[in-house]
Amino acid sequence: EDQVTQSPEALRLQEGESSSLNCSYTVSGLRGLFWYRQDPGKGPEFLFTLYSAGEEKEKERLKATLTKKESFLHITAPKPEDSATYLCAVVDSGGSNYKLTFGKGTLLTVNP
Amino acid sequence: GAGVSQSPRYKVAKRGQDVALRCDPISGHVSLFWYQQALGQGPEFLTYFQNEAQLDKSGLPSDRFFAERPEGSVSTLKIQRTQQEDSAVYLCASSLGGGNTDTQYFGPGTRLTVL
């Protein structure tokens with residue numbers, strides 16, 4: 001059974017204080033790893049897809065990296081508007097090629 | 001362009017009532033998904049449509065849950081005889097192609113509260 005574990009559950013940062021969120025996964029074969037951002041009362045908003053170990057993607061203050069067992073979402077010099085829940089999800093090549101299996105998310109709070 | 005829309009945004013039902021939740025996917029998107037998100041949890045897969053065909057309903061929790069997409073566009077998730085444990089946010093997502101890890105774009109969700 002696919003498993004996705006995110007840590008920490010919650011993270012509080014000061015504005016400008018860089019940090020990383022972790023997503024560890026167990027799948028029979030990784031077809032893709034997805035990062036989403038979710039604001040309160042809204043649906044998940046797509047950020048990145050990573051497909052193979054060593055791959056990196058960047059968007060503004062966010063950078064996602066992937067290894068064979070985990071992914072990191074690095075946040076550089078965060079701003080209060082980066083506060084949200086960040087969700088990680090995987091698609092397992094051993095099962096369907098469309099079903100997202102999500103972790104519970106990391107609640108990020110950035111204080112001004 | 002317009003994203004995925006869902007209605008209603010909020011629904012309160014008495015235990016035992018039937019409810020219907022609507023999803024309008026992004027125009028032209030072949031694939032449509034329903035997920036259930038409990039408070040403090042990540043979304044969990046319910047069912048998948050490719051055009052009008054329901055290819056996977058393995059995540060539906062019970063036979064009280066039924067989904068349809070008769071014309072390959074709008075979809076409805078119906079829950080019969082609602083129970084308190086059905087209280088959750090129901091998310092709809094669509095993607096352009098028929099799988100292959102196409103990006104899934106989510107709607108705002110419908111928050112269902114069963115009293």
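The values are calculated or read from the model by the stated rules, or taken from the named source; none is laboratory data. In this text, all values refer to a predicted model and were calculated from it rather than measured experimentally. Cβ coordinates were reconstructed from backbone atoms using ideal geometry, including for glycine residues, and neighbour counts include every protein chain displayed. The accessibility values were calculated without ligands, DNA or RNA, using every heavy atom of the protein model including side chains. Shrake-Rupley method; radii C 1.70, N 1.55, O 1.52, S 1.80 Å.
Couple of notes before you dig in:
- Segments classed as strands (runs of 3 or more DSSP E), wholly inside region B:8-65, with at least 2 members that are closer than 27 Å to A:Asp39 by Cβ: B:10-13, B:19-24, B:31-37, B:44-50
- Residues located in region A:67-81, provided they are open to solvent by 10 Å² or more (accessible area, probe 1.4 Å) and either more than 21 Å from A:Glu9 (Cβ to Cβ) or out of contact with any Pro (no Cβ under 9 Å at 6 or more places or on another chain) (or both): A:Thr67, A:Lys68, A:Lys69, A:Glu70, A:Phe72, A:His74, A:Thr76, A:Ala77, A:Lys79, A:Glu81
- Matching residues, region B:3-30, being touching an Asp or Glu at 6+ places or on another chain (Cβ under 8 Å) and either of a type in the set (A, V, I, L, M) or modelled with pLDDT under 95 (or both): B:Val4
- Check on B:Phe106, under 14 Å from the mean Cα position of the chain (by Cα) and free of Cβ contacts under 8 Å to residues at least 40 places away in the same chain: no
- Only listed residue being surrounded by 14 or more Cβ atoms within 10 Å (Cβ to Cβ), over 30 Å from A:Ala10 (Cα atoms) and more than 13 Å from chain A (Cβ to nearest Cβ), chosen from B:Arg22, B:Arg15, B:Arg81: B:Arg22
- Residue in region B:45-63 that is touching a residue at least 40 places away in the same chain (Cβ under 8 Å), within 13 Å of chain A (Cβ to nearest Cβ), open to solvent by 20 Å² or more (accessible area, probe 1.4 Å) and more than 16 Å from B:Arg111 (Cβ to Cβ) present: yes
- Among the residues of region A:77-112, those identified as of a type in the set (Val, Ile, Thr) and under 14 Å from A:Pro40 (Cβ atoms) are A:Thr85, A:Thr109.
- If the condition is being under 13 Å from the mean Cα position of the chain (by Cα) and open to solvent by 10 Å² or more (accessible area, probe 1.4 Å), then region A:83-93 contributes only A:Thr85.
- Residue match in region A:36-54 (condition: in a strand (DSSP E or B), open to solvent by less than 50 Å² (accessible area, probe 1.4 Å), in contact (Cβ under 8 Å) with a residue 40 or more places away in the chain and not hydroxyl-bearing (Ser, Thr, Tyr)): yes
- All positions within region A:1-17 that are open to solvent by less than 70 Å² (accessible area, probe 1.4 Å), in contact with a Ser or Thr (Cβ under 8 Å, 6 or more places away or on another chain) and not β-branched (Val, Ile, Thr): A:Asp2, A:Gln6, A:Ser7, A:Pro8, A:Ala10, A:Leu11, A:Leu13
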